[in-house]
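Take a look at the structure below.
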Amino acid sequence: MNEFSDALMLSTYKKAVELELEPAFIQLLKEELERRQLQL
């Protein structure tokens, strides 16, 4: 996920939540956002 820009990470997370995708995938995205210290 290091290849994703911060903006792409944020939009991907928001869309995954909106679409109610697999909770494990959403958690993975959330952990990456936290690692990058990005605000939701």
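The values are calculated or read from the model by the stated rules, or taken from the named source; none is laboratory data. Owing to the predicted nature of the structure, the values given are computational and were not obtained by experimental measurement. Glycine gets a Cβ as well: all are built from the backbone with ideal geometry, and neighbour counts include every protein chain shown.
Tabulated values for the structure
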| read-out | value |
| --- | --- |
| Single match in E22, E3 (criterion: exposed (fewer than 14 other Cβ atoms within 10 Å of the Cβ) and modelled with pLDDT of 95 or more) | E22 |
| Any pair with Cβ under 9 angstrom, 6 or more apart, that starts in the range 3-20 at a residue that is basic (K, R) and ends at one that is loosely packed, with under 11 Cβ neighbours inside 10 Å and not in a helix (DSSP H, G or I) | K14/L40 |
| Qualifying positions in the range 2-40 - part of a loop (DSSP other than H, G, I, E, B) and not hydroxyl-bearing (S, T, Y) | N2, E3, F4, L19, E20, L21, E22, R36, Q37, L38, Q39, L40 |
